Structures are given as structure tokens and as C-alpha cells.
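Notes follow the structure.
Read-outs: derived from the displayed coordinates by stated rules, not from any lab. Small disclaimer: the values here were computed from a predicted structure and weren't measured. FYI the Cβ positions are ideal-geometry reconstructions off the backbone, even for glycines, and counts take in every protein chain you see.
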Amino acid sequence: MSDFRYTVHPARVVFGSHTLADVRPEVERLGRERVLVLADPGLPELGDRIREALGHLAVGRFDGAAMHTPVAVTEKALALLREVAADCVVAIGGGSTTGLAKALAVRTGVDQVILPTTYAGSEVTPVLGETDGGVKTTRSSPDILPETVIYDVELTRGLPLDITVTSAVNALAHAVEALYAPDANPVTDRLALEAIERIARALRRIKADPGAEDTRADLLTGAWLAGTCLGAVGMGLHHKLCHTLGGAFGLPHSPTHAVVLPHALAYNAPHAPDAVRRIGEALGSPDAPAALFDLLVETGAPTSLRELGLSETDLPRAVELAVAKPYPNPAPLTEDGLTGLLRAAWAGERPT
Ligand code: NAD
């Protein structure tokens, strides 16, 4: 038996195909009348569609979100939000655009309606990571949690294959680490296993037909469930390493998750045997770390930190940062152990 404390985060979720059309009724449901639209800089046409769907409720638009939520960008958007007196933000795009919505909400109390177009899962967490002067800090607050999430499978059918795969592994990572989290509970366990099964099934089918509705629905459902785990329980070594590699060395968010996950799982496996067995069952293999690695190779995802641009000479500093502050993790965090892990991830070795 394990003790636990579990807080269910209140959020409304609308899921389906062509649900973008629900954006106006959802804003009205919140009683909001003045919307600042935040559109992913890579998806301006989706910003246009949101503006059109909102009609006179849209009073401004900002398309400048950037990876890791730089405070300087938030300040620009905040000035616009105040100028147009917005009482709500509607964000459409990847995790970076969701991050900007959260950064505005925590500063002003505006409501958030989020339409995610990747599988990052940020839309269902009360967590915000921000960067200022090259330093990434993370905070958590109920004010950060978006009020409404509209999942529209149609918005993800054209997500390029490379981003699809790495973003899906980003979601897998939330579910994997939820299963060995110190505050795991029966609800998050079930959500995490369902997420892993759906995401793994979809990744096996994605190359054959990247736009297939069922595959995309599995990925988006998996992302929601995995993101819910991320918002509910503490993450371990894998997330800490990715946070360090992204914040200190500028490595891209989801590709870094893809490379590190099999190695972090292999590192933790001897100390979390039950969780790793269940992860293996959900992946359909008795060797979860190797099965994950093979899935990455099959789908053409990056498998080494070297190919993401990390220099071998950066490894000692990365280890130093990763062990600097203690945090809960099944396996003890030793300098030798993490050096071995990062060397294998840097070189792209299959975990054994
Ligand atoms: P992202 O938002 O930067 O998007 C990656 C790329 O995909 C961008 O170029 C974007 O324009 C493009 N893109 C997005 N959707 C697309 C679509 N449907 N079609 C074509 N191109 C599309 O990256 P991400 O991986 O979604 O999110 C990463 C960010 O989210 C990081 O800043 C990370 O820290 C944050 N994050 C936060 C949490 C949290 O709980 N706070 C959780 C996960 C991620």
C-alpha cells in the first residue's frame, strides 16, 4: 500500500474534430468579451481562423511566442494585452504559445482558452517555465492553469512527421515518469498507462499514414492524459536533465526529450522495477528502454545529443548542473552514473 495526496485540477476539456468552431461559445461561457489572440508564429493562418471565429470578441493579436517563454517576449505581449484591455487570451499553437498564455494569465488574471497543435501537454498543467538572461525558472500556481482546452484533432493532422514524433515522446516522458513518481496514485497510474499505450500504438502507425484521423486522435488523447499526469505528480531525472540541457545549452525541447528518455528509463529501471515492467507491458516489450529506443529509430527521431548540437566537452557541466540540487528520483543521482547516462545519450547508444 502507498499513501498519497492527490489534487484534481479543474479544467474544461473539449475534444473532437473541427472543434475550433467552439472557440467563441467557450469564451462566452467564461463570460469574457475582449480576447487577445495568441497565434503560433509558424501558424499565422490558424490565428486568422481564430480571429474570424471570435468575430467582434477578438480585440488584438500577438504572434511572437518563443521557446522556453522568454520574459522579454511576455512583456511585449503584456503591453498589448493592457493596451487593448483584454480579459481573456485564446492561444493556438505548440507549447511555446501555451507558455505565453500562462505567463500573461499569472501576471494579470485573464482567463485562458488553449487550442494545442502539438503534444507537449502544457495546457493541462498549472506549471510555467520562463527564461530570463539565459536562466530557466519554473513556478506552479492555480492561476497558471488554463480554464478551457479545446483539442481539435484536425489541427494536428498536418504536424510534420519529425515534430510529431519528438513531441509525442515528450508526452510519453510525462507518463513514464508519472509511473515512478513518489506521489503517484491509482488515478495517475491509469492515465499514464493509457497514454503510453495510445502514443506507442500511434507512433507505430504514423509513418504509413501521418494524417490518419485515428492515429492523430490517439496521439492527442495520449498527450492530454500524459499532460494531466505532469500537472498532478512530480517528475524525476528525465525532466530534470531535459530542463538542464534546454536551459543551459539551448537544446531544442522535444528532440531532447526524445534522445534522453530511453537512457533515463534505463538508469532508473533497477530502482523502479514495477513501474518499468508496467511501462514495458504498455509498450508491448519486456525491455522498455530498448523498445523506446527502437521506436525512435523506426520513426526517424534523433537518437543522440551530438546530433542536437551538444558538444562532448559540455557533458561534465551538464552532469554538475543535474546533480546540483537534490530531487526525488528512484535511482540515486551520482556523478559517475549521470556521466555514463549522458555519454550514452550523447553518442546515441542503444540502452542495454
Ligand atoms: P513549440 O511550441 O516551440 O513548437 C515547435 C514547432 O512546431 C514550432 O516551430 C511551431 O511553429 C511548430 N508547430 C506547432 N504546431 C504545428 C502544427 N500543427 N503544424 C505545423 N507546425 C507546428 O514546441 P512544443 O514542443 O510544442 O513546446 C515546447 C515548449 O513548451 C517549451 O517551451 C517547453 O518548456 C514548454 N512546455 C511546458 C510544459 C509545462 O507544463 N509548463 C509542458 C511541456 C512543454
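Of the peptides 302-312, 240-250, how do they stack up when ordered by the mean number of other Cβ atoms within 10 Å, highest first?
Going from most to least packed, we get 240-250, 302-312.
Please quote Rg/Rh for the range 130-255 to two decimal places, taking the Kirkwood radius as Rh and restricting both calculations to Cα atoms.
Rg/Rh for the range 130-255 comes to 0.98.
What list do you get for Lys325, Lys207, Lys136, Lys102 if you sort them by fewest beta carbons within 10 Å?
Starting with the residue having the fewest Cβ neighbours, the order is Lys325, Lys207, Lys136, Lys102.
Report ³J(HN,Hα) in whole Hz for each residue of the range 203-215, in order, from the Karplus equation J = 6.51 cos²θ - 1.76 cosθ + 1.60 where θ = phi - 60°; Gly and Pro get x.
With coefficients 6.51, -1.76 and 1.60, one gets 5, 5, 9, 5, 5, 5, 8, x, x, 4, 4, 5, 5 Hz.
Name the aspartates and glutamates eligible as straight-distance cross-link partners of Lys76: C-alpha to C-alpha under 18 Å, and not fewer than 8 places from it in the same chain.
The qualifying aspartates and glutamates are Asp40, Asp63, Asp87, Glu130, Asp132.
Based on the mean of other beta carbon atoms within 10 Å per residue, what is the order of 224-235, 274-285, most packed first?
Going from most to least packed, we get 224-235, 274-285.
Ranked by Cβ crowding within 10 angstrom, fewest neighbours first, how are Thr131, Thr137 ordered? Before the final figure, lay out the partial values.
Working: Thr131 20, Thr137 11.
Fewest-to-most ranking of Thr131, Thr137: Thr137, Thr131.
Would you mind calculating the gained length between Thr339 and Glu52 on full extension (0.36 nm times residue separation, minus the Cα-Cα distance), in nm to one decimal?
Numbers: separation 287, 0.36 × 287 = 103.32 nm, distance 5.20 nm.
Taking 0.36 nm per residue and subtracting the Cα distance, the gain is 98.1 nm.
Which order do Thr125, Thr138 fall in if you start with the one that has the fewest other Cβ atoms within 10 Å? Present the calculation step by step, with values, prior to reporting the outcome.
On the way: Thr125 23, Thr138 11.
With the fewest neighbours first, Thr125, Thr138 line up as Thr138, Thr125.
On a C-alpha basis, how far is the centre of the range 64-97 from the centre of the range 264-278 in Å? Whole number, if you could?
Between the Cα centres of the range 64-97 and the range 264-278 lies a distance of 39 Å.
Using a cut-off of 17 Å between alpha-carbon atoms, which lysines can reach Lys325, once sequence neighbours fewer than 8 places away in the same chain are excluded?
Lys136, Lys240
Where the Cα atoms of the range 12-156 are projected onto their three principal axes, how long is each span, largest first, in whole Å?
39, 32, 28
Using the Karplus curve 6.51 cos²θ - 1.76 cosθ + 1.60 with θ = phi - 60°, what ³J(HN,Hα) values do you get for each residue of the range 173-185, in whole Hz, with x for Gly and Pro?
4, 4, 5, 4, 6, 5, 6, 10, 5, x, 9, 4, 8
Can you find, among Trp346, Thr97, Thr303, the residue sitting farthest towards the positive end of the charge dipole of the chain, where Lys and Arg contribute +1 and Asp and Glu -1 at Cβ?
Value computed over the given set: Thr97.
Give the angle, between 0 and 90 degrees and rounded to the nearest 10, that separates the Cα long axis of helix 273-283 from the longest principal axis of the Cα atoms of the chain.
Approximately 60 degrees, to the nearest 10.
Provide the gained length on full extension for the span His18 to Thr137, in nm with one decimal, where the gain is 0.36 nm per separating residue minus the Cα-Cα distance.
The span from His18 to Thr137 would gain 39.3 nm if fully extended.
Under a Cβ-only charge scheme (Lys and Arg +1, Asp and Glu -1), can you give me the dipole magnitude of the chain about the Cα centre, in debye to the nearest 20? All intermediate terms of the calculation are to be shown ahead of the outcome.
On the way: 31 positive and 43 negative charges, 53 e Å.
Approximately 260 debye in magnitude.
Counting alpha carbon pairs within less than 8 Å and at least 6 residues apart, what relative contact order, in whole percent, applies to the chain? Before the final figure, lay out the partial values.
Working: 672 pairs, mean separation 52.6, N = 352.
That works out to 15 percent.
Placing unit charges on C-beta atoms (Lys and Arg positive, Asp and Glu negative, everything else neutral), compute the dipole magnitude of the range 161-347 about its Cα centre in debye, rounded to 20. Working shown, then result.
Numbers: 14 positive and 21 negative charges, 25 e Å.
Here the range 161-347 has a charge dipole of around 120 debye.
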